[in-house]
Amino acid sequence: MSKKIKSFNDKIRPLTDAEKEALDHLRKKGKPLKNEILEPGAGVLKDDTFKAKPNREYQEGKIITEEDLKAEELKVKIEAERFSQEFRRQFTEWAAIDHSVDYEGLSFDHADYLVRIFSMDVKGFEGFITLEYEWSHIIGEFKIKDKPATENVFPIVKILKIGEGVKSTKHKVGDIVLVPSNEILGEDWNPKFLHYMQFQDSKGMKPVLPEGMKQSIPNVQKNWDRFMFIRPWVPQPEEQDKLTYLIPEGRVIGSYNVI
C-alpha cells in the first residue's frame with residue numbers, strides 16, 4: 001500500500017454516537033436532527049441553518065429507494081393490465097351487440113357511414129385521469145387541474161349503415177373500424193369559450209363566465225358534434241344518439257379486429 005493511500009486511510013475514524021444518531025435520522029426522515037448538521041471532520045454536531053435543496057429521492061420525508069421505484073413500476077404495470085382486461089371485456093360485449101337493428105328502414109344517399117362509437121365505463125380506475133381547464137378569477141389566468149375520468153370514448157366505431165354514395169366494398173354493416181385518434185381522445189378548449197373570452201378582452205371588459213359555459217370539452221364533442229345523428233322518432237336525444245354519428249367515408253382509416 002502506498003504512503004499516500006495509507007496516510008489517507010489513517011485519517012478515517014469511527015463515527016461518534018451523536019454522529020450515528022444524526023445520520024440515522026437523516027436517512028429515515030430526509031432532514032437533519034433538530035436543525036443540526038454534521039460538520040465534516042469535526043466529530044461534533046454544529047448548530048447551523050439548514051435549507052435542504054429539492055431532491056427527487058426524497059418524498060414527504062421518506063427516502064425513495066430503488067426497491068420503492070421498482071414496486072411503483074410494478075403497481076403501474078398491474079393497474080395498466082387490469083385496465084386492459086376491463087377494456088377487452090367491455091369491448092367484447094359491445095362488439096357482440098347488433099346496434100344496426102335500431103336503424104332499420106333508414107337509408108343515406110351520400111358517401112357516409114352511420115356509426116356507433118365505443119365508450120368504456122372507467123369507474124374504479126382513478127389512476128387514469130383527463131385534463132380539465134379552469135379559469136381563475138383570482139390570479140387572472142388559465143390553469144389546469146386534474147379530474148378523475150368516469151367514461152372514455154375511443155377511436156373505434158361500428159358500422160350501422162352504409163350510404164349509397166360509398167364506392168368502396170371493403171367494409172360492411174357490423175364491421176368495427178378505426179377513426180382518427182386526435183379527433184376522439186382527450187379534451188380541448190371549448191371554441192365558444194375562447195371566442196367569448198376574446199370578445200370580452202377586445203371590449204376591455206373583465207371576463208365573467210356565463211353560467212353553464214364549459215371551458216373545455218371532449219375532443220369528440222368538439223370535432224364530431226356536427227356529425228351526430230339523432231333518430232327522428234325520439235322526442236329527445238338519448239344516450240345512444242350521443243354516441244351515433246353519420247360521418248364522411250374518409251373518416252374511416254382502418255379496421256379493428258376483435259381479439
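Coordinate-derived values only; no laboratory data. Here the structure is a predicted model, which is why all the values come from computation and not from measurement. Quick reminder, even Gly has a Cβ in these numbers, built from the backbone with ideal geometry, and neighbours come from all protein chains shown.
What's the local net charge at Val157, with K and R +1, D and E -1, over the other residues with C-beta under 10 Å away?
Details: positive: Arg116, Lys158, Arg251; negative: Asp175.
Once all neighbours under 10 Å are counted, the net charge is +2.
Could you go through segment 86-95 in sequence order and give the Karplus-derived ³J(HN,Hα) for each residue, using 6.51 cos²θ - 1.76 cosθ + 1.60 with θ = phi - 60°, rounded to whole Hz, and x for Gly and Pro?
For segment 86-95, the Karplus curve yields 5, 4, 4, 5, 5, 5, 4, 5, 5, 5 Hz.
Which of the GluC sites (Glu not before Pro) found in segment 78-112 are loop residues per DSSP with 13 or fewer other Cβ atoms within 10 Å of their Cβ?
Values: sites: Glu79, Glu81, Glu86, Glu93, Glu104; in loops: Glu104.
Listed in order of number, the matching sites are Glu104.
What is the local net charge at Phe108, summed over the other residues whose Cβ is closer than 13 Å to its Cβ (Lys, Arg +1; Asp, Glu -1)? Working shown, then result.
Numbers: positive: Lys161; negative: Asp109, Asp112, Glu164, Glu249.
Neighbour charge sum, excluding Phe108 itself: -3.
Order these by the 10 Å Cβ neighbour count, fewest first: Val76, Val157.
Ranking Val76, Val157 by Cβ neighbours within 10 Å, fewest first, gives Val76, Val157.
Taking 0.36 nm per residue of sequence separation and subtracting the Cα-Cα distance, how much length would be gained by fully extending the chain between Asp188 and Ser84, in nm to one decimal?
Roughly 34.9 nm would be gained on extension.
Would you mind checking the pairs Lys123/Lys242; Lys172/Lys242; Lys75/Lys158; Lys123/Lys214; Lys192/Lys242; Lys170/Lys192 and listing those with alpha carbons more than 27 angstrom apart? Mind dumping the intermediate values first?
On the way: Lys123/Lys242 20 Å; Lys172/Lys242 22 Å; Lys75/Lys158 34 Å; Lys123/Lys214 22 Å; Lys192/Lys242 20 Å; Lys170/Lys192 38 Å.
In this structure, Lys75/Lys158; Lys170/Lys192 exceed 27 Å between Cα atoms.
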